[in-house]
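Only the coordinates and a few stated rules stand behind these numbers; no lab work does. Everything numeric in this text was worked out from a predicted model, so none of it was measured. When we count neighbours, we look across all protein chains shown, and the Cβ atoms used for this are built from the backbone with ideal geometry, even at glycine.
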Amino acid sequence: MVHIEVNYPLFFQICDILGTLAFAISGLRLAASKDFDWFGAYVVGLTTAIGGGTIRDLLLDITPFWMTNPFYLICSGFALLLVIIFKKNWVSEEHTWFLFDAIGLGFFTVTGIERSLSVGFPFWIAIIMGTITGAAGGILRDVLINETPLIFRKDIYATACIMGGLVFHLCDACGLSHEVTAVIVCAVVIAIRLFAVKYHVELPILHINKSVDDSK
C-alpha cells in the first residue's frame with residue numbers, strides 16, 4: 001500500500017465534514033437505542049462515519065484517510081457530545097436516525113466518487129467506490145448493533161448511491177463544475193432515499209421455490 005495525500009478542494013472537504021458528522025450521529029442514535037455506554041456508542045458512531053471510506057481506500061490501495069488526519073476521530077467525538085446534550089430530542093425522536101443517515105449517504109457518495117477520480121480511477125470504479133463509501137459504514141454499524149444490514153433488506157439504500165453515481169457521470173459529461181455536480185448528486189441521493197421511505201418503494205424480494213419431500 002502506498003501513502004497518497006489526496007487534497008480535496010474546500011467544497012469537498014465541507015462535504016466530508018458534513019457526511020462524517022451526519023453518519024456519526026446516525027450510528028450514535030442507534031447505539032443509544034440499544035443502551036450502549038458512551039464508549040461503545042462512540043465506537044459505533046466512528047465506525048459508521050469512517051467504515052465505508054476505509055474500505056474504499058483499502059480497495060484503492062491508498063492510506064485510509066483517517067490515518068493521516070485526526071479530524072475524523074474528533075468529529076465523531078463532537079457528534080457524541082451533541083447526542084449527549086440533545087439526547088431528549090435526538091435519541092427519543094424516531095426519525096432522527098433516518099434523517100442523518102440519508103444526509104450522510106448523499107455526502108459520502110459524492111466524496112467517494114470524487115476521491116476515486118482524483119487518484120486516476122475510471123468512472124465505473126468511482127461509482128462503485130461512491131456506493132461503498134456511502135453504504136459500507138452502515139453495514140458495519142448494523143453488524144455491531146446486531147441488526148440485519150439495511151442494504152440487505154428491501155430498502156432503497158445502496159441503489160440510491162448507484163443512481164447518484166450515474167447522475168454524477170451525466171453531469172460531468174454535460175460539463176458542469178464538480179461543485180455544482182456534487183450539490184445535484186447529493187440532493188438526488190437524499191431525495192431518492194426520502195421518496196423511497198415515504199412512499200414505501202422497495203426492491204423485490206428474491207424468492208426461490210423449493211419442493212421439499214417431507215417423506216425423506
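Tabulated values for the structure
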item: Among 170, 21, 80, residue whose mean-square fluctuation peaks in a GNM of the chain (springs only between Cα atoms under 10 Å); result: 170
item: The chain: most fluctuating residue of 104, 77, 138 per GNM, C-alpha cutoff 10 Å; result: 77
item: Paramagnetic reach from residue 203 in the stretch 146-180 [backbone N under 13 Å; point 7 Å along Cα→Cβ]; result: 149-163
item: Listed residues 78, 152, 23, most fluctuating in the chain (Gaussian network, C-alpha, under 10 Å); result: 152
item: J(HN,Hα) series, the stretch 114-124, from Karplus relation 6.51 cos²θ - 1.76 cosθ + 1.60, nearest Hz, glycine and proline x; result: 5, 5, 5, 5, 5, 9, x, 7, x, 5, 5
item: 3J(HN,Hα) from dihedral phi, the stretch 142-151, Karplus parametrisation 6.51/-1.76/1.60, rounded to Hz, x for glycine, proline; result: 5, 5, 5, 9, 6, 10, 5, x, 4, 6
item: Contact order normalised by residue count of the chain, Cα under 8 Å, 6+ apart, percent; result: 23
item: Cα-centred dipole magnitude for the chain, charges only on beta-carbon of K, R (+1) and D, E (-1), debye, nearest 20; result: 300
